[in-house]
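Everything on this sheet refers to the single structure shown next.
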Amino acid sequence: MKLYRDYADYLAERFPCKMQKLTVNAGFSCPNRDGTLGYGGCTYCNNDSFSPAIAGTSVTSQLQNARAFFARKYPAMRYIAYFQSYTNTHGDLSRLLALYNEALAVDGVDAIIIGTRPDCVSPQLLDALAEINRTNRVIIEYGAESSHDTTLQLVNRCHTWQTTVDAVAATRERGIDVGLHFILGLPGETRDMMLSTVDAINDIRPETVKFHQLQLIKGTRLAIQVAKGEISLTHFTVGQYISLCCDIINRLDPAIAIERFVSQAPDSLLISPRWGLKNYQFTNLLHKALQSPKT
Ligand code: SF4
């Protein structure tokens, strides 16, 4: 019995064979760091905690190397190039298209996922991506993080929820699939606020969503604010977080696929939470909780 629609379901509907994501670091920066929108970035962000250290290597060689690793074991596998690090639409249109097309020219790569901010996609870029999407699937993944503008302001996102609503509409209008990313446990957010974000997600119906727990990372502005006592965070136990995830699943439109509920920053950078669970162990606990009868 399926407990919720997951990412594998989404991929199986879109592609005729097994697909593997290959992460690409194309050397982008972020407009919330380089002064285009702001400096300093989002208060919780230390992009090193999720960026593979492969910048400087061409997109082609990154993908070929990653593909070689999987191809030995799974010769029939096909691939999705995932532009993950920083803001992967922050640049000249011609440079952006050259990078996306370079990825799609690599043997075995059939699709691209572009991770970006909702305020960083021009109509021209979306038109060009819609054109690529006619032959190779394009998926845009927006960092939305919360539907509450007070929270977005508190963590210095430099965009509003309406920006996300508009970006999703403009992307959907062009027939491009949308993924949204959210963080659970942002400063000042109550459980009710997080659940009302789920209602807001249902209103705009992305194809996929990712949630993850707020991770307090060394060297971030948030870590300094917490250390100084300027901000306090909700410290979820695993059980509390799983209970929140169950409520989210029960509330989310079942047509929206959930890609994940947790992520793991490198141990050397992570301050909290330190649950000591691998992602698959967390998923097992979540599935168990979803199947257990309510008391
Ligand atoms: S979280 Fe994303 S948008 Fe925010 S500073 Fe980091 S890279 Fe930029």
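Here, each number is a calculation from the coordinates, and none is a lab measurement. Note that the structure is predicted; figures quoted are calculated from it, not measured. Here the Cβ is made from the backbone with ideal geometry for all residues, glycine too, and neighbour counts use every protein chain on show.
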_Fluctuation leader among ALA170, ALA144, ALA71 - the chain, Gaussian network, Cα springs under 10 angstrom_ = ALA71
_Give the list, by residue number, of cysteines in the chain with no other Cys Cβ closer than 4.7 Å, or say none._
CYS17, CYS30, CYS120, CYS158, CYS245, CYS246
*Which far-off residues, 5 or more places away or on another chain, put their amide H under 5 Å from the one on THR23, with H placed in the peptide plane?*
TYR82
*asked:* Please report the antiparallel percentage of DSSP beta bridges with both residues in the chain, rounded to the nearest 5.
replied: 10
_Using only DSSP helix segments of four residues or longer, with each worth -39500 (n - 2.57), what per-residue ellipticity at 222 nm results for the chain after dividing by its residue count and rounding to 500?_
-11500 deg cm²/dmol
*Enumerate the calculated ³J(HN,Hα) couplings along the range 201-218 in order (Karplus 6.51 cos²θ - 1.76 cosθ + 1.60, θ = phi - 60°), each rounded to whole Hz, writing x wherever the residue is Gly or Pro.*
5, 4, 5, 10, 6, x, 6, 9, 9, 10, 10, 8, 5, 5, 10, 8, 10, 4
_What are the ³J(HN,Hα) couplings of the range 9-25, residue after residue, when phi is run through the Karplus curve with 6.51, -1.76, 1.60 and θ = phi - 60°? Round to Hz, x for glycine and proline._
4, 4, 4, 5, 6, 8, 10, x, 9, 5, 10, 10, 7, 10, 7, 10, 10
*Taking a threshold of 21 Å on the Cα-Cα distance, which of the pairs LYS73/LYS288; LYS18/LYS288; LYS18/LYS73; LYS18/LYS278; LYS73/LYS278; LYS2/LYS73 fall above it?*
LYS73/LYS288; LYS18/LYS288; LYS18/LYS278; LYS73/LYS278; LYS2/LYS73
*Under the classification rounded if a/c is under 1.5, otherwise prolate if a/b is larger than b/c and oblate if not, where does the chain fall, given a ≥ b ≥ c as square roots of the Cα gyration tensor eigenvalues?*
rounded
